[in-house]
Amino acid sequence: MSGRTGLDRYRREQRLGDALESPYVVHLVLFLAVLFIVAPLVWELLTSLKTNDAVYNFNYFPRNPTLESYYIALFERGYWRAVVNSIIISSASTVVVMLLGVPAGYAFSRYRFPFDNLVFVFILFTRLFPPIGLVVPYYRIMTEFGLLNTKLGIVIANVYLWLPLVVYIMRNFFITIPHDLDEAALVDGCTKIQAFRHVILPVVMPGIAAGTILTFLYSWREFLFAFTVSTDLNSMTIPVSTFLFVGDTSVQWASMAAAAVVATIPSALVVFFFQRYIVVGLTGGLKG
Amino acid sequence: MSEAYRRVPETRYGRLKRLISEFANDHIRLVLLGPALVSLVVIFIYPVAFLVWSSMQRTLAFGATAEFAPTANYEAMLSDPTFWNAAEKTLTYSFGSFVVTMLSGLIIALALNNVVRKRLRDTYTTLILLSWAVPLSIVGVTWRWMFNGQLGVVNKLLRDLGLLSGNFSWLANPETAMAVVIMADAWSRIPFATIIILAGLQSIPQETYDAAKVDGATTFQTFRHVTLPYLRPSFFVAGLITWMFAFRAFAIPFSTTGGGPAGATEVLAIYIHRFGIELFDYGFASAVSMFLVGVTLIVAGIYVNVILEQLSEIEA
């Protein structure tokens, strides 16, 4: 008797399990997830195509799609300069971080030196240190050195924020490359630097791509330090200038949405073209 | 070989180049690692030292002067009810975001893992990654706009569906304001959790699943006895990172509500920013920062241990 009900329960469970794994359920779940992720972005896009007054008409779709809000955000308020600043700051940060981080990652993957494990743990802790804790010291140090309201100040903060991450990721990439390759290069008469530059670096290019893309995106997204260091049109980034709409007595919602769309487009493009590298980078290079 | 190399007459430039290259070869660790470590000392250790020092200075007269008082700021902090309010909000915020992010991440990752065609799976992954790539302040202003009391699309949708008559001020009500910032935070964090959990799922050998199937295990039994044990490490890492990063979150709550209404969403990060940057009370803000750093470092210690174990397993 009990064996029979046990079997029934087993079959019921099996049917339910199969149903949950069926393509319909899987795609329904993913459809809902994508809807949740994409809907807010679509709403920003639709809002940005209205005028600042049309927002009060309560339509889902813009009646007369116009780029007026973009014009107000980018030219009347001059935020096109913030876009340029963002591009300069993110690119410069990425170059500096990669130039410093890639050799360091290689050193951790190949060489022993005094306290090497301790230094590596220090790098991990630096990565996990809460940046909000350093905002007040950074603000005061930047004031002291005249770096407030400069692009250089934001780049320095970005190097602090993303260098440890890149060292960690690059180390994991270099680890996957056999030491024999270095040794073969040395036997063939390369110096250690040449072996690194001409033999190992080309092999680890996917890792370098992942590190570069991740650093660029993180620098582009960054708000806390960019906001603390600069709210001046000469040096502020586009995420900061978009936020500044909020401080107005009557918020120009459509123009704010336009600025938000402009700030999001580069990120979205990078995701569309380099999804694979981002996934590899986010998993810390551990997936190879 | 080196003999022939040395006999070539050297120009001054060539000699310099050779000396540099020889130096680099002899001090390879210094050359590779030096610049990065020196940079980190200047842009990380120095500010950290500055933080510790300034947490022991009592700030007088709008940050203009300060006097040494090692425990004054900490005492002021611990006896300040607004600090405890911020600490409580931070816990609600970070655990709320943690629960929503990890549950959604797990469900989405399981679904993604069941998509057979790689092309389709990549398309889904790309779309889901979008919210992670959005600049953090844009996340905030977007949710602020959607949940706006008079003009927000959420109110309009609810009205059109007949679920709401009139308007509801989501961000003016303490409970719903907190719920909205938590959802905004989770929205931006779900992709990361999904990716890490998915990587964990994909590392489970297919044979294990096949064996379970042959033995007649149901989907639930397979999940319970095969998937979960394998998934534990990556789920743990994703969860720890999610919680730790939500605990320190600034940009999203700050740009969604600015900490309001009346401190209902004022997490510690906003609290530090308010005292340190807006009110120039450097000493007090530094003490609160030290508290936040301390909590984070304890959790970070656990994380680093797990990561080091994982690394040594992979490299073994």
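The values are calculated or read from the model by the stated rules, or taken from the named source; none is laboratory data. Nothing here was measured: the structure is a model prediction, and the numbers come from that model. Reconstructed Cβ throughout: ideal geometry from the backbone, glycine too, with neighbour counts over all protein chains shown.
Of all the residues in segment A:240-254, those that are away from chain B (no Cβ under 11 Å) and touching a residue at least 24 places away in the same chain (Cβ under 8 Å) number 1.
Residue count for segment B:220-270, restricted to those that are among the small types (Gly, Ala, Ser) and part of a helix (DSSP H, G or I): 7. The number of residues in segment A:248-288 that are assigned to a helix (DSSP H, G or I) and closer than 16 Å to A:Ile72 by Cβ comes to 11. Inside segment B:203-240, can you point out the residues that are within 12 Å of chain A (Cβ to nearest Cβ) and among the basic types (Lys, Arg)? Across segment B:203-240, the qualifying residues are B:Lys213, B:Arg224.
When every residue of segment A:257-268 is checked against the conditions, at least one turns out to be surrounded by fewer than 23 Cβ atoms within 10 Å (Cβ to Cβ), facing chain B (nearest Cβ under 7 Å) and in contact with a helix residue (DSSP H, G or I) (Cβ under 7 Å, 6 or more places away or on another chain). Being in contact (Cβ under 8 Å) with a residue 40 or more places away in the chain and out of contact with any His (no Cβ under 8 Å at 6 or more places or on another chain) is the requirement here; does A:Leu163 meet it? So A:Leu163 fits the description; yes. Could you tell me whether B:Leu268 is under 19 Å from the mean Cα position of the chain (by Cα), assigned by TED's automatic domain parsing to the domain that holds B:Met178 and within 23 Å of B:Leu51 (Cβ to Cβ)? It is true that B:Leu268 is under 19 Å from the mean Cα position of the chain (by Cα), assigned by TED's automatic domain parsing to the domain that holds B:Met178 and within 23 Å of B:Leu51 (Cβ to Cβ). How about segment B:274-291: which of its residues are in a helix (DSSP H, G or I), more than 7 Å from chain A (Cβ to nearest Cβ) and in contact with a Gly (Cβ under 6 Å, 6 or more places away or on another chain)? Answer for segment B:274-291, where residues must be in a helix (DSSP H, G or I), more than 7 Å from chain A (Cβ to nearest Cβ) and in contact with a Gly (Cβ under 6 Å, 6 or more places away or on another chain): there is none.
Restricting the first member to segment B:269-292 and to residues that are at positive phi, and the second to residues that are outside any helix (DSSP H, G or I), the beta-carbon pairs closer than 6 Å and six or more apart or on different chains are B:Phe280/B:Phe62; B:Phe280/B:Gly63.
At positive phi and at pLDDT 90 or above, is that true of A:Gly146? Step through it out loud before you land on a result.
Numbers: at positive phi: yes; at pLDDT 90 or above: yes.
It is true that A:Gly146 is at positive phi and at pLDDT 90 or above.
Residues of segment B:63-111 that are surrounded by fewer than 15 Cβ atoms within 10 Å (Cβ to Cβ) and within 14 Å of chain A (Cβ to nearest Cβ): B:Ala64, B:Thr65, B:Leu103.
For A:Ala184, the conditions (1) within 12 Å of chain B (Cβ to nearest Cβ); (2) part of a helix (DSSP H, G or I); (3) over 18 Å from A:Met98 (Cβ atoms) are fulfilled apart from (1).
Is it true that A:Ile141 is assigned by TED's automatic domain parsing to the domain that holds A:Asp182 and in contact (Cβ under 8 Å) with a residue 24 or more places away in the chain? Considered against the rule, which asks whether it is assigned by TED's automatic domain parsing to the domain that holds A:Asp182 and in contact (Cβ under 8 Å) with a residue 24 or more places away in the chain, A:Ile141 comes out as no.
When the residues of segment B:143-161 are filtered to those that are without any contact (Cβ under 8 Å) to a residue 12 or more places away in the chain and outside any loop (DSSP other than H, G, I, E, B), the one that is surrounded by the most Cβ atoms within 10 Å (Cβ to Cβ) is B:Trp145. Quick check: anything in segment B:219-231 within 30 Å of B:Gly140 (Cβ to Cβ) and under 24 Å from the mean Cα position of the chain (by Cα)? Within segment B:219-231, none of the residues are within 30 Å of B:Gly140 (Cβ to Cβ) and under 24 Å from the mean Cα position of the chain (by Cα). Looking only at segment A:213-249, which residues are hydroxyl-bearing (Ser, Thr, Tyr), over 16 Å from A:Leu152 (Cβ atoms) and crowded, with 21+ Cβ neighbours inside 10 Å? Scanning segment A:213-249 gives A:Thr215, A:Ser241, A:Thr242. When segment A:221-253 is filtered for residues that are within 27 Å of A:Val55 (Cβ to Cβ) and aromatic (Phe, Trp, Tyr), the ones remaining, listed by number, are A:Phe223, A:Phe227, A:Phe243, A:Phe245, A:Trp253.
Taking helices (runs of 4 or more DSSP H) that do not extend beyond segment A:49-146, which have at least 2 residues that are of a type in the set (A, V, I, L, M) and surrounded by 14 or more Cβ atoms within 10 Å (Cβ to Cβ)?
Once the helices (runs of 4 or more DSSP H) in segment A:49-146 are filtered for at least 2 residues that are of a type in the set (A, V, I, L, M) and surrounded by 14 or more Cβ atoms within 10 Å (Cβ to Cβ), what remains is A:80-110, A:116-128, A:135-144.
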